[in-house]
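The values are calculated or read from the model by the stated rules, or taken from the named source; none is laboratory data. For clarity, every value in this text was computed on a predicted model and none was experimentally measured. Here Cβ is always computed from backbone atoms with ideal geometry, including for glycine, and neighbour counts include all displayed protein chains. Just the protein is used for accessible areas: all its heavy atoms, side chains included, with ligands, DNA and RNA removed. Shrake-Rupley method; radii C 1.70, N 1.55, O 1.52, S 1.80 Å.
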Amino acid sequence: MNIKRREFLATCGLATIATQIPTFTAEGISPNIIRKPSRLQVGDTVGLIAPAGIVDAKDIEAAQKSISQLGLKVKLGKHILDRYGYLAGKDSDRAQDVNLMFSDRTIKAIIPMRGGWGCNRILPLLNYSLIRSRPKIIIGYSDITTLLLAINARSQMITFHGPVATSTWNQFTVDYFKRILFNAEAVTMQNLNPSEVRVETIAPGKARGKLVGGNLSVLSAMVGSPYLPTWNKSILFVEEVGEDVYRIDRMLTQLKTAGILNQIAGFIFGQCTKCSLGDEPSFTLMQVLQQHILPLGIPAWYGSMIGHIKDKFTLPIGVEVEIDAGLGIIRMLESAVSLV
């Protein structure tokens, strides 16, 4: 390797590291204060990006229609239709779209098109200092969990677990989306029809804490990285899709051995969509949840409207909430967005 090549690589490495270290003092913003993005208003522009799996032009067309029905305008990420293997473009290009959306002053919110896989690969390439200096709504679920947790942890900003652009924007989902992100309400979340989506109490009781969570397998894959928030006295919510029960057991065991479960104040398992017992013999999902959660002595339940389902809550990551495990209620104790 010649000297010029070594110098070039060293410069790139320093630049990458620099994007990962927030420089809050230059902005006069204390790193100990979590930032809230501004609320949405009719006429605002939303940026659509593809930070994970591949999307098609027809998906973008349908998403634009759904978003416009909310009274919002749409701006597409530069690389939204790129393809690179099973990813929606190269890591650097997908990360660039995220950074550009945060730097663009005309964009008020960022909605990924879909999950899949790929967000974990771009975490070292995001400009967390820039993101903190330009707080904006970013929302999604599944693989987007990675972005939500990393931005919350590294940029100290409220993020939102909720629909992606290709989700079903039905009345239930839109109602929570608007009340929390447009109206700046501190919402109480409860299943629409408990008889259809039944709450199964693991351990009754109430608890307060910072709401943190997302897709269980994605969260488990982030353990040991510098991109997770603190867990002390938090309310952990998780959801999953298409996993056998023994895999849920494995992932919860990982959170336990990593010291995460023994720090939390409350636990919510949303929906485990298309999860099965797998090879016999097997525990039931509830048995596995009881084995891991009951010894913690904290309020917990299964069955909240969170996950790979049509009716979705919008959950603000980093906001203080109170839960009632007996009733399956999540009550926000503050608004998640600012009025300015």
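Do we have GLY259 as on the phi > 0 side of the Ramachandran plot and at pLDDT below 95 here? Before you say what the answer is, go through the steps one by one.
Details: on the phi > 0 side of the Ramachandran plot: yes; at pLDDT below 95: no.
No; evaluated as a whole, the condition is false for this residue.
Just give me the residues in the range 274-298 being loosely packed, with under 15 Cβ neighbours inside 10 Å and more than 18 Å from GLU239 (Cβ to Cβ), in sequence order.
Across the range 274-298, the qualifying residues are LEU277, GLY278, ASP279, GLU280, PRO281, GLN287, GLN291, LEU294, PRO295, GLY297.
Would you check if there is a residue in the range 209-220 being of a type in the set (S, T, N, Q) and part of a strand (DSSP E or B)?
Step one: filter the range 209-220 for residues of a type in the set (S, T, N, Q), giving 215, 217, 220.
Then keep just the ones that are part of a strand (DSSP E or B); that gives 215.
Yes, that holds for at least one residue.
Let me confirm something: among PRO281, PRO229, which residue is within 20 Å of TYR141 (Cα to Cα) and part of a loop (DSSP other than H, G, I, E, B)?
Step by step, each of PRO281, PRO229 is checked, and only PRO229 is within 20 Å of TYR141 (Cα to Cα) and part of a loop (DSSP other than H, G, I, E, B).
Does GLY266 meet the test of being at pLDDT 95 or above and surrounded by fewer than 16 Cβ atoms within 10 Å (Cβ to Cβ)?
no
So in the range 62-91, with the set limited to residues that are assigned to a helix (DSSP H, G or I) and among the polar types (S, T, N, Q), which one is surrounded by the fewest Cβ atoms within 10 Å (Cβ to Cβ)?
Only one residue fits best here, namely SER68.
Could you please tell me which pairs satisfy a Cβ distance under 6 Å, a separation of 6+ or placement on different chains, a first residue in the range 145-173 that is within 19 Å of MET332 (Cβ to Cβ), and a second residue that is aromatic (Phe, Trp, Tyr) and at pLDDT 95 or above?
Pairs that qualify, where the first residue is within 19 Å of MET332 (Cβ to Cβ) and the partner is aromatic (Phe, Trp, Tyr) and at pLDDT 95 or above, are HIS161/TYR141.
Of the residues ILE180, ILE131, ILE144, which single one is within 18 Å of ILE268 (Cβ to Cβ), of a type in the set (A, V, I, L, M), open to solvent by less than 30 Å² (accessible area, probe 1.4 Å) and not in a loop (DSSP other than H, G, I, E, B)?
ILE180 is the lone residue from the list that is within 18 Å of ILE268 (Cβ to Cβ), of a type in the set (A, V, I, L, M), open to solvent by less than 30 Å² (accessible area, probe 1.4 Å) and not in a loop (DSSP other than H, G, I, E, B).
Check ILE122, ILE110 and return the single one that is among the β-branched types (Val, Ile, Thr), in contact with a helix residue (DSSP H, G or I) (Cβ under 6 Å, 6 or more places away or on another chain) and part of a strand (DSSP E or B).
Only one candidate passes the filter, namely ILE110.
Would you check which residues across the range 188-221 are over 18 Å from ILE260 (Cα atoms) and in contact with an Asp or Glu (Cβ under 7 Å, 6 or more places away or on another chain) and list them?
Scanning the range 188-221 gives LEU192, LYS206.
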